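Since the structure comes first, as structure tokens, the remarks are kept for the end.
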Amino acid sequence: MRFVVCVKEVPAGSSRRAIDPGTLRLRRDGDCELNAFDAHALEEALRLLDDVGSGEVVALSLGPPRAGKSLRRCLALGATRAVLVSDEAAAGSDLVATTAVLGRLLERERPDLILFGQQAEDSDGGLLYAAVADRLRLPAISKAGQLEIVDGKLQAWRSTEDGRELVRLPLPAVVAVSRAANEPRQASLKGSIEARKRPLEECTLAGLGLDPAAAGERGSRTVVHALSVPELARGRERFEGDAGHAAEHILAFLTARGVLET
Amino acid sequence: MRWLVYVEQHGGGFTPGSVGLLSWAARQGGSEVDAVACCPGATQAAEGLGGFGAARVFAADDMRLGRSDAQPHADVLAALLAREEFDLVLFETTILTSAIAAGLAARLECGLNWDLTHLELVDGEILGTRLALGDSVSVKVGWQGSPSRLALLRPNLFAPAPAPVAAAGRVEPLTVELEEWSQRIEILARAPYEEEGGRPIEDAEILVAGGCGLRSAVDLGLLAELAAVLGGAVAVTMPLVDRRWYHHSAQVGQTGKTVAPRAYIACGISGAVQHRVGMQGAEVVVAINTDGAAPIFDHCDLGVVGDLYEVVPALTALLRSNS
């Protein structure tokens with residue numbers, strides 16, 4: 001059985017990032033790492049491969065050449081092989097353009113199950129899994145955990161607005177894996193050494209038979225016009241000190257703001 | 001211009017946020033605003049929506065649209081958009097609408113901008129505003145290359161407001177035809193979220209909220225003690241509910257509740273946007289977090305850089321000694 005995990009490389013340190021004012025894109029010149037949500041999807045795929053006994057786990061990514069680093073990490077964690085689509089013409093792809101590229105690659109790979117992390121740390125949309133599923137005309141679930149292959153079908157629990165549900169889907173299918181689904185393993189030294197022997201294929205849009213105009217800014221249906229720094233609404237007073245003083249400060253603050261009576 | 005607002009149903013009624021979005025859209029002027037309702041009982045439920053500004057209400061009334069699967073809804077909307085031209089389709093962000101809008105974007109190859117806080121018309125062009133990177137950057141976004149534009153707006157931006165003059169609200173039933181691959185998900189069992197325990201967070205004047213800075217479910221007891229001394233209640237972020245550490249009815253944020261207490265004390269909460277949309281209405285926000293660079297420090301009135309395991313018990317003890 002072939003499990004394909006779609007991963008993304010994101011800037012390290014998710015809380016503070018910067019946009020390049022020239023290109024209006026996220027700056028990717030700093031340290032980057034595997035999107036933490038994707039590690040849960042990979043873990044789930046590795047676990048499923050262990051359960052079913054035979055097959056492979058393939059890690060896919062779309063990004064600049066050095067996104068190969070995150071795919072190497074996937075290989076070190078246990079992925080069988082990896083594919084990176086790297087092409088200048090794909091830079092700045094929005095949801096529609098990314099879906100076109102990833103969809104084509106997935107058609108080539110013919111997976112039984114396609115796994116995504118629930119969202120990416122650098123853009124909080126959490127949309128790509130659903131767009132890819134629609135493009136490939138496959139059923140999709142999100143916020144999923146406790147994945148199992150039973151009689152050739154996927155069984156999993158998902159969280160919805162109305163509660164948790166145990167669902168069954170025929171394969172192939174698309175799953176966005178919840179961060180609560182598992183605790184991702186750590187790479188071992190042995191794994192890292194073995195990973196060097198595992199194949200990491202790089203391909204271009206042309207290599208996938210894609211017109212460069214279908215990707216990147218030309219293939220995108222959304223545009224970024226301008227960036228600015230918004231006014232922040234709250235006072236943002238900051239206190240650093242030992243716990244006793246912090247407690248006194250909070251008490252004084254809540255009293256001054258009328259929340260607590262004097 | 002013609003705008004279409006997707007009104008969402010959960011648990012037997014349209015969500016206040018999606019009806020609020022409809023009433024806000026109708027107030028923008030210059031556009032005809034229609035609504036679309038996809039759920040069992042939609043035809044009847046749709047009748048009240050003229051009062052919130054819908055000129056027409058497209059009703060897809062079908063049992064198969066009553067589940068949490070997005071693809072059948074995308075089928076209905078794709079058919080509607082093929083028949084009627086809309087310049088903009090608006091959704092309030094939820095788990096369900098995110099998947100509907102993303103699927104629709106892929107199918108129609110039209111632009112989807114998400115997490116928007118505002119929409120405006122500038123020289124006849126629709127522009128959206130998104131706060132990105134922990135709300136540290138405001139991004140003006142637009143659409144290109146396709147007649148339809150899709151927009152996901154942050155949840156609970158607008159409260160439902162009756163239109164000053166009710167619109168026609170003419171209900172037009174839609175024929176529901178679903179793709180085969182949209183109906184492949186079988187539901188084998190359901191487990192409603194646990195709702196027991198704790199004081200309802202909507203009623204509390206003070207909320208003591210816990211996030212990923214907590215190391216175990218047992219440690220929520222520290223927050224419960226502080227909440228008890230303050231006469232407040234305990235709230236949590238989504239990951240804690242996903243780990244089954246606490247019940248869903250106390251979850252604040254996009255997939256939980258929206259609260260507006262007098263004080264919100266965020267303990268070990270990083271301040272992801274999915275959580276903040278549920279607590280931004282608080283009068284005063286105090287944050288306690290060891291990571292001084294956490295986004296929550298940009299969205300609080302007082303930010304204490306410190307360990308909740310030390311600060312929270314110290315505050316509880318201080319309040320006890322003062323009472």
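Hey, any idea what % of the range B:107-265's accessible area is carbon plus sulfur with a 1.4 Å probe? In the range B:107-265, the share of accessible area belonging to carbon and sulfur is 52 percent.
Taking the three principal axes of the alpha carbon atoms in the protein assembly as shown, the coordinate ranges are 72, 70, 51 Å, sorted in descending order.
Hull volume per residue, based on the alpha-carbon atoms of chain A and their convex hull, is 188 Å³. Two numbers describe the Cα atoms of the range B:195-323: Rg and Dmax, which are 13.0, 38 Å. Residue by residue along B:153-165, Cβ atoms of other protein chains within 10 Å of the local Cβ number 0 on average.
In the range A:153-193, which residues have a backbone nitrogen under 13 Å from the label point lying 7 Å from residue A:52's Cα in the Cα-to-Cβ direction? Under 13 Å, as judged by backbone N against the label point of residue A:52, lie A:153-155, A:169-175 of the range A:153-193. Taking amide H positions as modeled 1.01 Å from N, with prolines and chain starts lacking one, the residues under 5 Å from residue A:160 and 5 or more places away or on another chain are A:165. Close amide H partners of residue A:81, meaning residues 5 or more places away or on another chain with modelled amide H under 5 Å apart, are A:57, A:59. Our Cα-only numbers for chain B put the radius of gyration and Dmax at 21.6, 69 Å. Treating r as the C-beta distance of residue B:283 and residue A:189 and R0 as 45 Å, the FRET efficiency rounds to 0.25. Measuring between their Cα centroids, the range B:108-170 and the range A:104-142 lie 24 Å from each other.
Model label points for residue B:157 and residue A:153, set 7 angstrom from Cα along the Cα-to-Cβ axis, are 4.0 nm apart.
Counting lysine pairs in the protein assembly as shown that sit 8 or more residues apart in sequence, or on different chains, and whose Cα atoms lie under 23 Å apart gives 7. With coordinates expressed along the principal axes, the C-alpha atoms belonging to the range B:2-183 extend over 42, 41, 29 Å, beginning with the largest. In this simple spin-label model, placing a label point 7 Å from the Cα along the Cα-to-Cβ direction at both residue B:187 and residue A:161 gives a separation of 1.3 nm.
Database remark: amide H of residue B:114 closer than 5 angstrom to the amide H of B:152 (H placed geometrically; neighbours at sequence offset of 5 or more, or on other chains; Pro and chain starts carry no H). Summary of packing: across the peptides B:270-279, A:63-72, B:211-220, B:119-128, the per-residue average of other C-beta atoms within 10 Å ranks them, highest first, as B:270-279, A:63-72, B:211-220, B:119-128.
In this assembly, the A-B interface accounts for approximately 7500 Å² of buried accessible surface in total, computed with a 1.4 Å probe and without ligands, DNA or RNA.
Sort B:283-295, A:127-139, B:78-90 by packing, meaning the average of other beta carbons within 10 Å per residue, with the highest value first. Walk me through the numbers before you get to the answer.
Working: B:283-295: 21.0, A:127-139: 24.4, B:78-90: 17.2.
By packing density, highest mean first, the sequence is A:127-139, B:283-295, B:78-90.
Summed over qualifying helices (DSSP H, 4 residues or more, each -39500 (n - 2.57)) and divided by its residue number, the protein assembly as shown shows a 222 nm mean residue ellipticity of -8000 deg cm²/dmol.
Peptide B:304-315 shows a mean partner chain C-beta count of 6 within 10 Å per residue C-beta.
The mean number of Cβ atoms from other chains found within 10 Å of a Cβ in peptide B:104-117 is 6, as a whole number. Between the range B:262-301 and the range A:174-194, the C-alpha centres lie 30 angstrom from each other.
The values are calculated or read from the model by the stated rules, or taken from the named source; none is laboratory data. Worth saying up front: this structure is predicted, and the values here are computed from it rather than measured. Positions of Cβ are generated from backbone atoms using ideal geometry, with glycine treated the same way; all protein chains shown enter the neighbour counts. Accessible surface is based on the protein model in full, side chains and every heavy atom, while ligands, DNA and RNA are left aside. Shrake-Rupley method; radii C 1.70, N 1.55, O 1.52, S 1.80 Å.
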